[in-house]
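The values are calculated or read from the model by the stated rules, or taken from the named source; none is laboratory data. Predicted, not measured: the structure shown is a model, and the values here were computed from it. Positions of Cβ are backbone-derived with ideal geometry, glycine not excepted, and every protein chain shown enters the neighbour counts.
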Amino acid sequence: MDQITQIKPTQRNPKRVTVRIGRRVVATLAQSKVDELGLHVGQAWDEALAQRVAQAAVSDKAMKQAMNRLNRRAMSRHDLDFKLKGLGYEQAVRESVLDKLTEMRFLDDEAYGRALIDATMRRKPAGPQLLRQKLFQKGIDRSLIEKLVGDATDAQDLAPGAVDLARKKLRTMQRLDIQTRKRRLYGLLTRRGFNPDTISSVMAELGDEIEHGCDTGVDTDI
């Protein structure tokens with residue numbers, strides 16, 4: 001019967017090892033996987049062990065590819081799952097890898113969602129509906145979306161940011177008639193996710209500027 005003849009660290013990464021049967025490399029695995037499987041030199045290499053090692057090798061490769069992507073940029077669990085599915089990994093393998101990464105805190109949808117909200121609001125004022133939309137597009141759980149959006153907006157007065165955004169837009173619309181100004185301002189604030197009450201408040205506060213104009217400028221869409 002065949003036996004494992006060598007378990008040796010790779011030159012590139014000492015935390016990864018090659019497993020050989022004679023001169024044949026049957027798997028390259030993380031050392032932790034080897035320990036988990038209880039592999040050792042001299043161990044009998046039968047069909048059952050070969051299957052376990054093959055499954056571990058697939059999982060190990062999926063984990064390595066997942067980590068490569070997370071090292072490039074943060075991702076939601078949904079988006080990383082989509083990437084792994086595109087690479088051909090079956091659901092059981094994907095779920096095992098994603099659960100492990102979540103346990104290790106490399107995947108954290110709550111932290112990811114908070115960072116996404118913060119980045120969105122730093123770039124340009126935004127209301128709760130736009131924030132919900134961006135989180136939903138990342139596949140974040142609906143109950144978590146409501147919590148994150150609530151935490152970001154409930155204790156914060158969004159009207160001042162909406163006013164500043166609308167005022168900047170208004171400065172570019174001096175050559176337009178009043179109704180067009182109103183329509184475009186309303187459309188802008190709606191696209192940025194502000195609710196009707198906030199929009200009405202903004203339109204009322206800027207009423208004189210909308211009616212009579214402010215600084216001259218050239219119309220450009222925001």
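Residues that are part of a helix (DSSP H, G or I), of a type in the set (K, R) and within 31 Å of the chain's Cα centre (by Cα) within region 154-194 comprise K168, K169, R191, listed in sequence order.
Assess whether R77 counts as being touching a residue at least 24 places away in the same chain (Cβ under 8 Å) and farther than 30 Å from L165 by Cα. When the stated conditions are applied, R77 passes them. Residue count for region 191-209, restricted to those that are of a type outside the set (S, T, Y) and free of Cβ contacts under 8 Å to residues at least 12 places away in the same chain: 5. Checking each residue in region 22-38 for being touching a helix residue (DSSP H, G or I) at 6+ places or on another chain (Cβ under 9 Å), hydrophobic (A, V, I, L, M, F, W, C) and either outside any helix (DSSP H, G or I) or surrounded by fewer than 11 Cβ atoms within 10 Å (Cβ to Cβ) (or both) picks out V26, A27, L29, A30. In summary, D151 fulfils each of the numbered conditions (1) within 19 Å of R73 (Cα to Cα); (2) part of a helix (DSSP H, G or I); (3) modelled with pLDDT under 95 with the single exception of condition (1).
This table checks each residue for (1) among the aliphatic types (A, V, I, L, M); (2) over 30 Å from E146 (Cβ atoms).
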residue	(1), (2)
G42	no, yes
V53	yes, yes
D108	no, no
R114	no, no
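When region 60-93 is filtered for residues that are more than 28 Å from I145 (Cα to Cα) and either modelled with pLDDT under 95 or in contact with a strand residue (DSSP E or B) (Cβ under 8 Å, 6 or more places away or on another chain) (or both), the ones remaining, listed by number, are D60, K61, K64. Of note, R132 does not satisfy the criterion of being part of a helix (DSSP H, G or I), touching a residue at least 12 places away in the same chain (Cβ under 8 Å), over 17 Å from the mean Cα position of the chain (by Cα) and closer than 19 Å to D197 by Cα.
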